[in-house]
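The values are calculated or read from the model by the stated rules, or taken from the named source; none is laboratory data. Being a predicted model, the structure only gives us computed values, none of them experimental. All Cβ positions, glycine included, derive from the backbone under ideal geometry; neighbour counts span all protein chains shown.
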Amino acid sequence: MALTLLDIAIRQTWDGRPCEPAEVVGVRLELGREALDVFVEAPSFDDPAPEAPPGALWGLWGFEVVEVFLLGDSARYLEVELGPHGHHLILSLEGRRQIVGRHEPLSCHVTRHDGRWSGHLRLARSLLPETLRAFNAYAIHGLGDARRYLAAHPVPGDQPDFHRLEHFAPWPHDPA
């Protein structure tokens, strides 16, 4: 049974402009006593798949991907990435971009159907910062000049930078 449910809609560009309706991505977080379940419902843009088999993939952010960032105290945060071809990347960070751990999910499943994809990642709750303070979610797709960077909550600046922790949304104390 989930203790906390949080539904996140990614419906704008990284700098806060509305995205196309066909680009909207849904993310659901279910935080239980033992695990965090991350569910993704997204359009498939048929970007080229990584040449690696499904599983952990360094550099997944360079492909079509959905990302969730969960921020705790002292700039400790978890970055969770999931791609439409079954690739994932899970990082613990302490301070902006300071990676202190790389992790495997308890499980990972992705299905593709009718121009869309669905994913489910289950993570050990122990990977999360002890106290959740803020969050954000992102989606990336496209190639070259057509590359699109979308965000649930904008991270303004000169270019997309998903590690602008000060622009994350507050973690809801009772979102259910």
Taking LEU70 as meeting all but one of (1) touching a residue at least 24 places away in the same chain (Cβ under 8 Å); (2) in contact with a Phe, Trp or Tyr (Cβ under 9 Å, 6 or more places away or on another chain); (3) in a loop (DSSP other than H, G, I, E, B), write down the number of the exception.
(3)
Which of (1) farther than 28 Å from PRO170 by Cα; (2) under 15 Å from the mean Cα position of the chain (by Cα); (3) among the hydroxyl-bearing types (Ser, Thr, Tyr) is the odd one out, the single condition SER118 does not satisfy?
(1)
What's the total number of residues in region 65-84 that are among the aliphatic types (A, V, I, L, M) and either over 20 Å from ASP7 (Cβ atoms) or surrounded by fewer than 22 Cβ atoms within 10 Å (Cβ to Cβ) (or both)?
1
Which residue pairs have Cβ atoms under 7 Å apart, sit 6 or more places apart or on different chains, and have a first residue in region 88-105 that is over 22 Å from GLY119 (Cβ atoms) and without any contact (Cβ under 8 Å) to a residue 40 or more places away in the chain and a second that is among the charged types (D, E, K, R) and outside any loop (DSSP other than H, G, I, E, B)?
GLU94/ARG76; VAL100/GLU94
For residues that are over 16 Å from the mean Cα position of the chain (by Cα) and surrounded by 22 or more Cβ atoms within 10 Å (Cβ to Cβ), tally how many sit in region 50-64.
0
Whichever residue in region 110-133 is without any contact (Cβ under 8 Å) to a residue 12 or more places away in the chain and not in a loop (DSSP other than H, G, I, E, B) and, among such residues, is surrounded by the fewest Cβ atoms within 10 Å (Cβ to Cβ):
HIS113
Extreme residue, farthest from PRO172 (Cα to Cα), among residues of region 7-49 that are in a strand (DSSP E or B) and among the small types (Gly, Ala, Ser):
ALA42
Residues in region 134-146 that are part of a loop (DSSP other than H, G, I, E, B) and either at pLDDT below 95 or surrounded by fewer than 13 Cβ atoms within 10 Å (Cβ to Cβ) (or both): how many?
1
Within the bounds of region 149-162, is there any residue that is assigned to a strand (DSSP E or B) and out of contact with any Asp or Glu (no Cβ under 7 Å at 6 or more places or on another chain)?
yes
Taking the residues in region 32-49 that are in contact with a Lys or Arg (Cβ under 6 Å, 6 or more places away or on another chain) and among the acidic types (Asp, Glu) as candidates, determine which candidate is surrounded by the fewest Cβ atoms within 10 Å (Cβ to Cβ).
GLU34
Within region 82-102, is even one residue under 19 Å from ASP47 (Cβ atoms), touching a helix residue (DSSP H, G or I) at 6+ places or on another chain (Cβ under 6 Å) and assigned to a strand (DSSP E or B)?
yes
